[in-house]
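The values are calculated or read from the model by the stated rules, or taken from the named source; none is laboratory data. In this text, all values refer to a predicted model and were calculated from it rather than measured experimentally. Cβ coordinates were reconstructed from backbone atoms using ideal geometry, including for glycine residues, and neighbour counts include every protein chain displayed. Calculation scope for accessible area: heavy atoms of the full protein, side chains included, ligands and nucleic acids excluded. Shrake-Rupley method; radii C 1.70, N 1.55, O 1.52, S 1.80 Å.
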Amino acid sequence: MVEVKFYDHAEDALLKFAVILARTGGKWVFCRHRDRDTYEIPGGHREPGEDILSAAKRELREETGAVEFTIRPVCAYSVRGKTGTHKSAEEETFGMLFMADITSFEALHCEIEAILVTDRPVDRWTYPLIQPRLLAEARNRGFW
């Protein structure tokens, strides 16, 4: 079982990754990794010495090709349980959820094979036990 919790604040040192709910022209932006046939919310791990906002901006650029955008934090969250990326069901990892509005793109230059711009969230999630919950939390907090 996967447990997802949401927080108004978390210690910066705990934040290991940034996930960005992205929109453009009122539509959602999702990514498809070249090794998968499912879609995901742009995001990734924070690099050493990088603050979480910088990680979010870098990941958004890398995974969507976003050039011009606004970005703001939604909330911190944690995940505990086996999701395919966590080593143990007992390990709790923390991340920061952001919301972005992209106004221009460039070509992709990374592991992402394609982006999907759509009116509604996808059905085939890479992390179906986590990503729909992130979307719902942002909505509950009035971000869309």
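Listed values, structure above:
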read-out: Among the candidates ARG133, ARG139, residue that is in a helix (DSSP H, G or I), modelled with pLDDT of 95 or more, open to solvent by 60 Å² or more (accessible area, probe 1.4 Å) and more than 26 Å from GLU47 (Cβ to Cβ); value: ARG139
read-out: Qualifying residue in the stretch 11-25 (condition: of a type outside the set (Gly, Ala, Ser), touching a Leu at 6+ places or on another chain (Cβ under 9 Å) and closer than 19 Å to ASP119 by Cα); value: yes
read-out: Only one of GLU68, GLU63 that is at pLDDT below 95 and within 12 Å of ALA100 (Cβ to Cβ); value: GLU63
read-out: Contacts under 6 angstrom Cβ, first residue in the stretch 99-125 being without any contact (Cβ under 8 Å) to a residue 60 or more places away in the chain, partner in a strand (DSSP E or B) and acidic (Asp, Glu), 6 or more apart; value: SER104/GLU68
read-out: Failed item in (1) aliphatic (A, V, I, L, M); (2) crowded, with 17+ Cβ neighbours inside 10 Å; (3) closer than 23 Å to ARG141 by Cα, with ALA66 passing the rest; value: (3)
read-out: Count of residues meeting criterion [open to solvent by 20 Å² or more (accessible area, probe 1.4 Å) and closer than 20 Å to THR103 by Cβ] in the stretch 23-45; value: 5
read-out: Matching residues, the stretch 111-124, being open to solvent by 30 Å² or more (accessible area, probe 1.4 Å) and of a type outside the set (Val, Ile, Thr); value: GLU111, GLU113, LEU116, ASP119, ARG120, PRO121, ASP123, ARG124
read-out: Residues located in the stretch 69-83, provided they are in a strand (DSSP E or B) and open to solvent by less than 20 Å² (accessible area, probe 1.4 Å); value: VAL74, CYS75, ALA76, TYR77, SER78, VAL79
read-out: Answer residue from the stretch 23-38, given it is in contact with a Phe, Trp or Tyr (Cβ under 8 Å, 6 or more places away or on another chain) and part of a strand (DSSP E or B) and is farthest from LEU53 (Cα to Cα) among those; value: ARG32
read-out: Residues (of a type in the set (Asp, Glu), under 14 Å from ILE130 (Cβ atoms) and under 16 Å from the mean Cα position of the chain (by Cα)) located in the stretch 1-58; value: GLU40
read-out: Odd one out for PRO48, checked against (1) part of a loop (DSSP other than H, G, I, E, B); (2) open to solvent by less than 30 Å² (accessible area, probe 1.4 Å); value: (2)
read-out: Sole exception among (1) modelled with pLDDT of 95 or more; (2) open to solvent by less than 40 Å² (accessible area, probe 1.4 Å); (3) on the phi > 0 side of the Ramachandran plot for MET96, by number; value: (3)
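Listed here are the residues, each with its yes/no results for (1) within 15 Å of ALA100 (Cβ to Cβ); (2) modelled with pLDDT under 95; (3) assigned to a loop (DSSP other than H, G, I, E, B).
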site	(1), (2), (3)
VAL4	no, no, no
HIS9	no, yes, yes
ALA13	no, yes, no
ALA18	yes, no, no
LEU21	yes, no, no
SER54	yes, no, no
LYS57	yes, no, no
